[in-house]
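Enquirer: One structure is given below, represented as structure tokens, and several questions about it will come after.
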Amino acid sequence: MSIRIALDNQPELYTNLDVIQGRIVLSLNRAEQVGGIVVKLEGECKTALTLSPTPFDQPHRPQQPRLPSAGPPGSVVDESHKILYKFQQVFPTYEDDAANSSVGGSYVLQGGLHEFPFRFKLPLNNMCSDQAAMAKMGGLGGIGGFSDGSGIFGLGGMRVMDGSKQLFLQHITKTLPPSFTSMPGAAEVRYYLKVTIQRPGLLRENWRYQTGFKFMPVEPPRPPLTGEEVFARRSFTFSPRASTPTSPAPTPTPTPTPTPAKKRSPFFGFNKDKAPAPNGGSPASSSDAAVVPPSVEISARLPHPSILTCNQPIPLRILAKKLLPSHEQVYITSLQIEVIGNMTLRAHEMRYRHSNRWIVVNQTDMAIPVLRDPKSEDLGVESVVPDDIWRQIPLPNTIGPSFTTCNLQRTHELELKIGLSWGLPSPSRSLLGRNKDPTPQSIYLPLHFSKVQVYSGISPPGGLATSAQASGQLSPATSGTTSAVPVDPSRPPRLPPRTNTSQSLSAQPQPQPQTQSQAQPQTQPQTQPAHDPLYPPQLDPSGPSSPYDDAPPSYDEAMAETATGPSSGGPANGDKG
């Protein structure tokens, strides 16, 4: 016996509204009795935290949560959300009931190779807050869902609902999160297909097989480009260089003393026995006294809102501005760009934040001039730093998109470290002599963006994006690929085509009066297909009232209509006939 899941045209990763279809390949060496074959599409988001012990036993001091380790077992708190759950029974079907004989709810499969096709469509949002979907995860004797045949006689028996555990957790409805396995044992988002072959009988276990796949969600609709930018800026003024006094005070003529013999210069030209300058001054030239130290302001800018895209370069601009009337040039000597990913884990009432860093750009030993014209007297003029360094470098492929789900959240930050130098930082110190240029001053300016969003780069369908912009959130009403047909923003998005035919409706719907601007060509179907059970027949739109005026009856109202009231002609309570 062997079980295998064969996916048709499996891509590298799936996204929202994609169709997952394939075949369950079952190979049997002999005839087997099978109660049913169920295929499930599941997604789980798990978190686990533990309490770190304090150095002293202090009851009033709360313990800090931390990630679970491989040490001795402790107080581990975990939380699991079933963010995706869909099932399909591929055997028996209606055709199988007619072709195979059922004995006590089981069917006989002959030896050989059997294939059972299945098809799922990935939703847009998570399903852990859907009570109807969670109720199908189990039931009482298989009622309301599939029970995997775990009873004594393989018929389901008494089973506790697994979906009831989800009702006691906190849920939020968001787009399905991407696959995440970078923190094993602490945080995990996993998607997989699972096959269960029910085998009725005592002491006969069910056959199970599962395979995982990668998932990447579609990105939210991007806002239109407005030219606005967010920035992080810092200003800095270099220290003035030491210089000799211009007019030294007169001193009396000293008594001539014998001049000592001039020492021989060493081979490399360095003379450590230099006499200090008069009046304690430095040996620098007097021209340095009139040099005004440069004062610059460095700013990094991103488009607003700050959005980065996976596997694409950062849309970054670096600008410089002169603040003082100095004629000195400033150079960028180093540049480091880092993306910081913050993962917030929640397990019931415990929270923990874990950070990772990715270095996107790390360049040193550079000499890029910052000011476009340092000799100009204009102040406040911005100079754009060339972006050749980071323009062609994409984000590392290990950086995933930002997401928020019930017990897991990932946010991102952007940090820059820019090294500046007053003076050309060239290795001009010769082996045969010392460089006459003054030693350059160097500083390092950190620029930080506290909140940036990382998108997956998978554009949503055209109709879905239009509906989301109109309602303010993504809507799973429209599916398919991105349409090239221009969409009129003044009109609401068109609903997807649905089968709305029924042979029981004798009256044809009358056309509504339309103006010339709203008139569109309509085509009548030649034949009426059979009724689709997924879409029940709608009411006649030509009726006097709309089918959406009255809400459906609640459970209490429906039970009250079928309840039997007390008899009016019978004796009262306490009376005997």
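Enquirer: List the residues whose amide H sits under 5 Å from the amide H of Phe215, counting only those 5 or more places along or on another chain, with H placed 1.01 Å from N in the peptide plane.
Expert: Those qualifying (amide H under 5 Å, at least 5 residues apart or on another chain) are Tyr14, Ser179.
Enquirer: Would you grab the residues whose amide H sits under 5 Å from the one on Leu84? Only those 5+ places off in sequence or on another chain, please, with H modelled 1.01 Å from N.
Expert: Here the answer is Gly43, Met127, since their amide H atoms fall under 5 Å of that of Leu84.
Enquirer: Using the Karplus curve 6.51 cos²θ - 1.76 cosθ + 1.60 with θ = phi - 60°, what ³J(HN,Hα) values do you get for each residue of segment 12-19, in whole Hz, with x for Gly and Pro?
Expert: 5, 8, 9, 9, 5, 6, 7, 9
Enquirer: Using only the Cα atoms of segment 286-351, construct the convex hull and provide its projected area averaged over every direction, in square nanometres to one decimal.
Expert: Approximately 9.0 nm², given one-decimal rounding.
Enquirer: Now, a different point. Arrange the peptides 405-414, 354-363, 182-191 so that the one whose residues have, on average, the most other Cβ atoms within 10 Å appears first.
Expert: With the highest mean Cβ count within 10 Å placed first, the list reads 405-414, 182-191, 354-363.
Enquirer: Okay, moving on. Give the long-range amide H neighbours of Val361: residues separated by 5 or more places, or on another chain, with amide H under 5 Å away, using H modelled in the peptide plane at 1.01 Å from N.
Expert: Under 5 Å from the amide H of Val361 lie the amide H atoms of Ile337, each far enough along the sequence or on another chain.
Enquirer: Go through Lys121/Lys194; Lys136/Lys214; Lys136/Lys174; Lys86/Lys121; Lys46/Lys165 and tell me which ones have a Cα-Cα distance over 18 Å in this structure.
Expert: Lys136/Lys214; Lys136/Lys174
Enquirer: Would you mind getting me the FRET efficiency between Leu323 and Asp78? Use the beta-carbon distance for r and R0 = 60 Å, nearest 0.05.
Expert: 0.65
Enquirer: So the label point goes 7 Å from the Cα of Leu7 along Cα→C-beta, right? Which residues of segment 371-415 then have their backbone N under 15 Å from it?
Expert: Answer for segment 371-415: none.
Enquirer: Stretch Ala132-Gln64 to full length: gain in nm at 0.36 nm per residue minus the Cα-Cα span?
Expert: Result for the pair: 20.8 nm of gain on full extension.
Enquirer: In addition: Can you classify segment 308-388 as rounded, prolate or oblate using the Cα gyration tensor, where a ≥ b ≥ c are the square roots of its eigenvalues, rounded means a/c under 1.5, and otherwise it's prolate if a/b beats b/c and oblate if not?
Expert: Judged from the Cα gyration tensor, segment 308-388 comes out prolate (a/c at least 1.5, a/b above b/c).
Enquirer: If you don't mind, there's one more thing I want to ask. Give me the one-decimal nm value for the distance between modelled label points at Thr173 and Lys121, 7 Å along each residue's Cα-to-Cβ direction.
Expert: Simple spin-label model gives 1.8 nm for this pair.
Enquirer: Any chance you could run the full-extension gain for Ile359 through Gln453? It's 0.36 nm times the residue separation minus the Cα-Cα distance, nm to one decimal.
Expert: Once the chain is fully extended between Ile359 and Gln453, it gains 32.2 nm.
Enquirer: Sorted by mean Cβ packing within 10 Å, highest first, what order do the peptides 19-29, 171-181 take?
Expert: Highest to lowest by the protection proxy: 171-181, 19-29.
Enquirer: Turning to a different aspect of this structure: Need the full-extension length gain, Asp373 to Ser239, defined as separation in residues times 0.36 nm minus the C-alpha distance. One decimal, nm.
Expert: In short, 46.1 nm is gained.
Values quoted throughout were computed directly from the atomic coordinates according to the rules given, and no laboratory measurement underlies them. Every value quoted in this text rests on a predicted model; they were computed, and no experiment measured them. Cβ coordinates were reconstructed from backbone atoms using ideal geometry, including for glycine residues, and neighbour counts include every protein chain displayed.
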